[in-house]
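The values are calculated or read from the model by the stated rules, or taken from the named source; none is laboratory data. Small disclaimer: the values here were computed from a predicted structure and weren't measured. All Cβ positions, glycine included, derive from the backbone under ideal geometry; neighbour counts span all protein chains shown.
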Amino acid sequence: MSGGEQNGDESVEHNWPTNLSTLPEEFIVCFWANTEPRDEFTGCTDWRGQYDDEGQPIMHYKGRPVSAVRIAMADVGMPVYEPGMVLKKCRNSRCVDPWHVRWAYEN
């Protein structure tokens, strides 16, 4: 899997539902329960849940890994594109704060 570098880049190779806005409310509640309170200095919201083999935060939905960062983005109403790579501005691979990301498109 490419893109899962230590600088916090997240690869697009995670399996995730195309329409993340349809995730059940109890799943979203469980998602936020797996985060640390926002760090006052960095603004990061660190993940306490599972990580994939590349060290990126994930949750499982219907037996499939789903990117925790993309779940956070969908929950706050941000568009979630496919294909595309999420780049973390904070460069913290544990951070799932949706305001710390930008999209990088593969050509």
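Structure notes:
- Residue count, segment 41-69 (criterion: out of contact with any helix residue (DSSP H, G or I) (no Cβ under 6 Å at 6 or more places or on another chain) and closer than 14 Å to His100 by Cα): 8
- Subset of segment 35-52 [of a type in the set (Phe, Trp, Tyr) and surrounded by fewer than 13 Cβ atoms within 10 Å (Cβ to Cβ)]: Phe41
- Residue count for segment 49-79, restricted to those that are among the aliphatic types (A, V, I, L, M) and out of contact with any strand residue (DSSP E or B) (no Cβ under 9 Å at 6 or more places or on another chain): 2
- Residue in segment 22-30 that is of a type in the set (A, V, I, L, M) and part of a loop (DSSP other than H, G, I, E, B) present: yes
- Qualifying positions in segment 53-107 - of a type in the set (Asp, Glu), at pLDDT 90 or above and under 16 Å from Ala33 (Cα atoms): Asp97
- Residues (basic (Lys, Arg), part of a strand (DSSP E or B) and surrounded by 15 or more Cβ atoms within 10 Å (Cβ to Cβ)) located in segment 53-97: Lys88
- In segment 98-107, of all residues being in a strand (DSSP E or B) and closer than 22 Å to Ile28 by Cβ, the one that is farthest from the chain's Cα centre (by Cα) corresponds to Trp103.
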